[in-house]
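The structure appears below as structure tokens.
The values are calculated or read from the model by the stated rules, or taken from the named source; none is laboratory data. Keep in mind that this is a model prediction, so the values were computed, not measured. Heads up, the Cβs are rebuilt from the backbone with ideal geometry, glycines too, and the neighbour counts pull from every protein chain shown. Protein only, heavy atoms only, side chains kept; ligands, DNA and RNA dropped before computing areas. Shrake-Rupley method; radii C 1.70, N 1.55, O 1.52, S 1.80 Å.
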Amino acid sequence: MADPHELTALEQWQALQRREISPSELTEHYLARIEKFNPALGAFVTVTADAARARARFVEERMPLTAPLWGLPFADKDLYQRAGVHAGFGSRLFADYVPDRSDDLVQVLDDAGGVSLGKTNTPEFGLASYTESLASPPARTPWNLALGAGGSSGGAAVAVAARLLPFAPGSDGGGSIRIPAAACGLVGLKPSRGRVPAASGIDKLGGLSVGGPLARTVADAALLLDAMIVPRDSHPNHYYALRAPDDQTPLLAAAVRGEGRFQLGVMTTSAWDNDYSIEIAPEAQEALDLAVAGFAALHHGLEETALLPDPSYGPAFRTIWQAGAASIPAETEAEIALLEPLTQWLLARGRNLSARELAQALAALTAFERSFIQQLSKFDAVLTPAMALTPRPVGWYDAHDAEANFAQQVQYTPFTSMINVSGLPAIVLPVHQTENGLPMGVQLIGRPGGEATLLALGAQLERRIRWQERVPPEPASTY
């Protein structure tokens, strides 16, 4: 058998099922790779080696082989709490915090038979689209260590791209799965609002943030997403009455079959076009052109489309972003001083908002959601660039001027936040590699509950382009 990390997650699961490798052996393999390569990459902020070994033995001895992730390693994004493990939330404010309970998604992945190896790097409270906090080293894309991995699931993406994990869960409140997937050459899927019960978005301000998978292949993403939805038995454990449309068919089936012909829109406009000058880099256009040509060769229908201008979107989204920081538990001057400048600005702005301003912003985004879904309703999926620019250098974002920082984030990621506002599913596919060896992706936006269509389309393009065969260089043990 090839080295385990050379196999896809699905192939590793099959090897576990055939008893060609044990959960303990697979865990040891990845722990060794993390110890060797993580110092240069900044993927992990905490490695729980002893707990992972004990967990792998528990899975071997106590859990049924039918568990959907039986023995597969993963890691918790450091925005999620695991009982007894330091949870830093990317912030110096939580340098000594160890929770005594686990969050729902953490428990779900345990119930599915996974083996957590630790916590992955994230920006402070997940507020930024790049992973360069003051609490830990930056997360660097393994394709070029001078460049950042994006965020906020930056550490998770680095770990998967560098083969330190088979796949990883992330969260996405404005692009936080899809941005690092694009920067690291991965498949990243933001599910529909309500699709993943333990990370549905329904309990978040504006319904923005949902949980989803980062993986090297479309099938691997579907494998993890299925387990996030149904960790055991045969039915999701829904916490709320509202949920995404669901036919109960495993999404892995759609990703493996990769069947169907669909009508696709092609779009290069975004909800931010009224507020900022958005320029699409040649490399981003090349990725889009490559995807269009690939889908045309596969006999899908293709039609250019564009969004109607909506001047209310930008101010309303900024208001929700600021309001989301208002509840950060920093009350004293000393505690606030531990926060990074961008977070301090967001916290101050959020706490100065009135109830009327917040209500108006939520109403504006709800109106945008309805309009956005209606405008795209004639298509089975809509294709956009993943990012407007190539992966950004570490240190590129303004660390002091919050307005300039926000503009930079929008100009790099103009196509992502509107999907969170609309609650739609979207998948990033790493279709292109530049002359300099950098990954560039495209995004497919689906209908409500349309994950199966996105996975089928992604599987078809993956078979044609074979991006899963691209492997980043292994870094030196230090950088």
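Pop out the carbon and sulfur fraction of the accessible area of the chain as a percent, whole number, probe 1.4 Å.
Details: 9150 of 18010 Å².
On the chain, the fraction of accessible area on carbon and sulfur atoms equals 51 percent.
Heavy-atom accessible area for Met63, with the other protein chains in place and a 1.4 Å probe, reaches approximately 40 Å². Annotation for Leu298 and Arg232: the two label points, set 7 Å from Cα along the Cα-Cβ direction, are 3.6 nm apart. The distance separating the Cα centre of the stretch 269-327 from that of the stretch 368-420 comes to 6 Å. Across the stretch 54-65, rounded Karplus estimates of 3J(HN,Hα) from the backbone phi angles (6.51 cos²θ - 1.76 cosθ + 1.60, θ = phi - 60°) give 5, 5, 4, 5, 4, 4, 4, 8, 10, 9, x, 4 Hz, Gly and Pro being marked x. Here the chain is assigned +1 on the Cβ of each Lys and Arg and -1 on the Cβ of each Asp and Glu. Its dipole about the Cα centre then comes out at about 620 debye.
Sorted on the mean count of surrounding Cβ atoms within 10 Å across their residues, most packed first, peptides 288-295, 385-392 read 385-392, 288-295. The listed residues His235, His300, once ranked by accessible area (1.4 Å probe) with the largest placed first, stand as His235, His300. Residue-wise HN-Hα couplings along the stretch 427-443, as the Karplus relation 6.51 cos²θ - 1.76 cosθ + 1.60 with θ = phi - 60° gives them from phi, are 10, 9, 10, x, 6, 10, 10, 6, 4, 8, x, 8, x, 9, x, 10, 10 Hz; Gly and Pro carry x. In order along the stretch 143-148, phi translates into HN-Hα couplings of 6, 6, 5, 7, 10, x Hz, rounded to whole numbers, per the Karplus curve 6.51 cos²θ - 1.76 cosθ + 1.60 with θ = phi - 60° and x for Gly and Pro. Averaged per residue, the stretch 347-387 has 51 square angstrom of accessible surface, using a 1.4 angstrom probe with ligands and nucleic acids left out.
The residue among Trp345, Ala399, Gln360 whose Cα reaches farthest toward the positive pole of the charge dipole of the stretch 337-479, with charges on the beta-carbon of Lys, Arg, Asp and Glu, is Gln360. Rolling a 1.4 Å probe across all protein chains gives Asp220 an accessible area of roughly 0 Å².
Distance between Cα centroids, the stretch 101-174 to the stretch 209-231: provide it in whole Å. Comparing the Cα centres of the stretch 101-174 and the stretch 209-231, I get a distance of 14 Å. The amide H of Thr46, built 1.01 Å from its N in the peptide plane, has Lys119 as neighbours under 5 Å, considering only residues 5 or more places off or on other chains.
In the neighborhood of Asp246, defined by Cβ-to-Cβ distances under 12 Å, what is the net charge if each Lys or Arg adds +1 and each Asp or Glu adds -1?
Values: positive: Arg195, Arg243; negative: Asp226, Asp247, Glu451.
Around Asp246, the charge tally is -1.
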